[in-house]
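This report concerns only the one structure given below.
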Amino acid sequence: MSADCIFCKIARGEIPSKKVYEDEDVFAFHDIHPVAPVHFLIVPKLHLPSMYEANMAHHQALGKMLALAGELARQEGASDGFRTIINTGRVGHQEVYHVHMHVLGGPEPLGPMIMRKQRGA
Ligand code: AMP
Ligand code: ZN
């Protein structure tokens, strides 16, 4: 737990969020700036700054994040596929330093994962 971490505060109910799911290990809520019709985040309740700090001690919460993604994506309306993203560190463009997995869904296809560079000239 970290006193001034925004996702710790959301998981503790100190900052409002649109809750998708909660159990003893994880919390899921809608992203405040959705970039797709379905866009929610699944976070471990334990404060873990990034995937660099993850280790086998965290396997239960991290495993649950993956194991729940499909069921919650369907529940939220992504019935024809979805994408999971975990941004890590500067290169991964992580903005909030509490591990979170984005779950993004259509109905329309989301486009390529990362824009490919133009080939040739
Ligand atoms: P990133 O760290 O780049 O993977 O992205 C952080 C994500 O957290 C962004 O998509 C934000 O829109 C989202 N976010 C930041 N603050 C909140 C909040 N209070 N409630 C819900 N989502 C948030
Ligand atoms: Zn935190």
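The values are calculated or read from the model by the stated rules, or taken from the named source; none is laboratory data. Everything quoted here is computed from the prediction, not taken from an experiment. Here the Cβ is made from the backbone with ideal geometry for all residues, glycine too, and neighbour counts use every protein chain on show. In case anyone asks, the SASA skips ligands and DNA or RNA and just uses the protein heavy atoms, side chains included. Shrake-Rupley method; radii C 1.70, N 1.55, O 1.52, S 1.80 Å.
Some points to look at:
- Overall form of the range 61-121 per C-alpha gyration tensor (a/c, 1.5; a/b vs b/c): oblate
- In degrees, nearest ten, helix 59-75 long axis to first principal axis of the chain (Cα): 60 degrees
- For the range 49-121, trypsin sites (Lys or Arg not before Pro) are listed when DSSP marks them as loop and at most 12 other Cβ atoms sit within 10 Å of their Cβ; the list is ARG90, ARG116, LYS117, ARG119.
- Under 28 Å from the Cα of LYS117 - lysines, other chains or at least 8 residues apart: none
- Here r is the Cβ-Cβ distance between ASN55 and ARG116 and R0 is 41 Å; the resulting FRET efficiency, rounded to 0.05, is 0.80.
- Helix-only mean residue ellipticity at 222 nm for the chain, each DSSP H run of n ≥ 4 adding -39500 (n - 2.57), per residue, nearest 500: -6000 deg cm²/dmol
- Percentage relative contact order, the range 6-105, counting C-alpha pairs under 8 Å, at least six apart: 32 percent
- Gyration tensor verdict on the range 6-105 (Cα atoms; rounded if a/c is under 1.5, prolate if a/b is larger than b/c, oblate otherwise): rounded
- Accessible area expressed per residue, the chain, with surrounding protein chains retained (probe 1.4 Å, Å²): 66 Å²
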